[in-house]
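Structure first, commentary second.
Where a number appears in this text, it was derived from the coordinates with a stated rule and is not lab data. What you see is a predicted model, and the numbers here were worked out from it, not measured in a lab. We place every Cβ from the backbone using ideal geometry, glycine too, and count neighbours over all the protein chains shown.
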Amino acid sequence: MEAERKAVTSRASEFSRYGPKFEKAVDTVASGGVKECLFLPSGRRVVSVVGTLGDELIDPSRPYCSCGNFFFRVSHGGEETCYHLLSFMIAAKTGRVDILEFSDEEFGDYLSAVVRDVLEVFAKTG
Ligand SMILES: [Zn+2]
């Protein structure tokens, strides 16, 4: 884990200006917390990041994150990003996005499970 952290830190040093968020994101990436679910044959992708409270759904292309920090701080312009989105950027840069393949028929079940998790986490951050 320590060796993983060092490897990730050295390859993603341009993100270190985010300070404590960077440290948290490095931990997340080093422990394999960034997952991309690829649904086939449609090619639809859903990216989730394992956070301290549970899984969060992110959409790096918008960018969007389902966490409370993103909702309260980032989308209102107070902060540039949350550590989940930062984790994704670091994982993409260092080739550590964990890609899982599913069939399109599983999409509905997957989405309802993940949305339930997200809502639970959101209720905790209240
Ligand atoms: Zn977030």
*How big is the gap, in Å, between the Cα center of the stretch 5-40 and the Cα center of the stretch 77-120?*
13
_Please list, by residue number, every one of the GluC sites (Glu not before Pro) in the stretch 42-126 that is coil in DSSP and has at most 14 other beta-carbon atoms within 10 Å._
Glu79, Glu80
*Could you please rank His84, His76, placing first whichever residue has the fewest other Cβ atoms within 10 Å of its Cβ?*
His76, His84
*Quick one: work out Rg over Rh on the C-alpha atoms of the stretch 2-125, Rh as Kirkwood radius.*
0.97
*Based on Cβ point charges of +1 for Lys and Arg and -1 for Asp and Glu, what charge dipole magnitude is obtained for the chain about its Cα centre, in debye rounded to the nearest 20?*
540
*Hey, with R₀ at 35 Å, roughly what FRET efficiency would Ala113 and Glu79 work out to, going by the Cβ-Cβ distance, to 0.05?*
0.75
*Any idea how far apart Arg11 and Asp98 come out in nm if each label point goes 7 Å out from Cα toward Cβ?*
1.6
